[in-house]
Amino acid sequence: VTYSYLPLHYVGSSNRSVIYRDGQEMVEAEGGKPLKGEAKEQGLVSWGEFGPILSIVLLDAAQSKLAWSHWEQGANGPEAVFSYEVPSQKSHYLVQSQVENASDVTDASGQFRERPGYHGEMKIDPATGAVLRVTVDAELALGDPLTKAAIMVEYGTVDIGGKAVTCPTRSVALSVLRFGHASSGAHSVLDHDPLKTMLNDVEFGQ
C-alpha cells in the first residue's frame, strides 16, 4: 500500500451542549437528551474536559509524584506550576481509539483501550488556589497503535447567574495513530507505519 503525505488541515467543526451533573459529564444530542453510551463521531473524540479530567489528575497525582516546577507570569501576576508523574499501576486515565487491522491489541469492536501512566503540569493561581491549566501526556508503549495521546485544558473565571465561577474555557486534544497498523510488539515498530495526527481545538462558552 502506498501512502502520500498530507499536512495537518482543517476537517470540520461541531457544536454540542455538555451537562455536568452529579459529578458526571454528559453530552446532549440534537434533541436535547443526554447521549447514551459512547459518542459516535468520526475522528478524535475527547471527554472529561468539563470536570472529570481534573478530578482524575488531582486524585492520581496526589497518590503518585507531585512536585514544584516553576513560576509563570500571568495576566494578573505570578502563577505557580507543578509537575506530576503517574505510573500505570495508579492511573485512572483511559485512552481509547478505533484501530483497523489490529485485532491483537483491540477488543471485539475494534477499540484499543488502555490506562497508561501519564505525566504533565498543573498551573495554579497562588492567591485563590484555582487551577488555571492542566496538561496530560500519556506514556504509551512502543508497540501500541497510538504513539501519542495528550490533552490540555485551560480554566478561567466565568459569570454564571451573577456569580464568578472557575470553569473550563478551552481545551486542545492531540492524538497520533499508526495508520495501517497491522501488528503489535517490536515488529510493528519496524514496519514504519505511516502516522495519522488528529487535533481538536475546543472552546467552551455560554
Q. Which members of the stretch 66-83 meet the condition of being surrounded by 13 or more Cβ atoms within 10 Å (Cβ to Cβ) and of a type in the set (A, V, I, L, M)?
A. 66, 80, 81
**Q.** Selection from the stretch 50-88 of residues that are touching a Leu at 6+ places or on another chain (Cβ under 7 Å) and of a type in the set (Asp, Glu)
**A.** 79
Q: Give the residues of the stretch 89-112 that are out of contact with any Leu (no Cβ under 8 Å at 6 or more places or on another chain) and either crowded, with 16+ Cβ neighbours inside 10 Å or modelled with pLDDT of 75 or more (or both), sorted by residue number.
A: 89, 90, 91, 93, 94, 96, 102, 105, 106
Q.
Please determine whether any residue of the stretch 114-133 is modelled with pLDDT under 90 and either in a strand (DSSP E or B) or surrounded by 13 or more Cβ atoms within 10 Å (Cβ to Cβ) (or both).
A. yes
Q: Could you please tell me which pairs satisfy a Cβ distance under 7 Å, a separation of 6+ or placement on different chains, a first residue in the stretch 154-180 that is more than 23 Å from residue 74 (Cα to Cα), and a second residue that is basic (Lys, Arg) and assigned to a strand (DSSP E or B)?
A: 174/148; 175/148; 176/148; 177/196; 179/196
Q.
Restricting to the stretch 134-144, give me the number of residues that are part of a strand (DSSP E or B) and of a type in the set (A, V, I, L, M, F, W, C).
A. 3
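For every residue, the table says whether it meets (1) open to solvent by less than 70 Å² (accessible area, probe 1.4 Å); (2) among the acidic types (Asp, Glu); (3) at pLDDT 90 or above.
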residue	(1), (2), (3)
137	yes, yes, yes
142	no, no, no
153	yes, no, yes
156	yes, no, yes
163	no, no, yes
174	yes, no, yes
178	yes, no, no
181	yes, no, no
190	no, no, no
**Q.** Considering residues of the stretch 19-49 that are at pLDDT 65 or above and closer than 14 Å to residue 200 by Cβ only, the residue surrounded by the most Cβ atoms within 10 Å (Cβ to Cβ)
**A.** 49
Q) Failed condition for residue 147, given (1) modelled with pLDDT of 90 or more; (2) in a strand (DSSP E or B); (3) open to solvent by 40 Å² or more (accessible area, probe 1.4 Å), with all others met? A) (1)
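The values are calculated or read from the model by the stated rules, or taken from the named source; none is laboratory data. Quantities reported herein were computed from a predicted structural model and do not represent experimental measurements. Quick reminder, even Gly has a Cβ in these numbers, built from the backbone with ideal geometry, and neighbours come from all protein chains shown. Remember, those area values only see protein heavy atoms, side chains included, never the ligands or the DNA or RNA. Shrake-Rupley method; radii C 1.70, N 1.55, O 1.52, S 1.80 Å.
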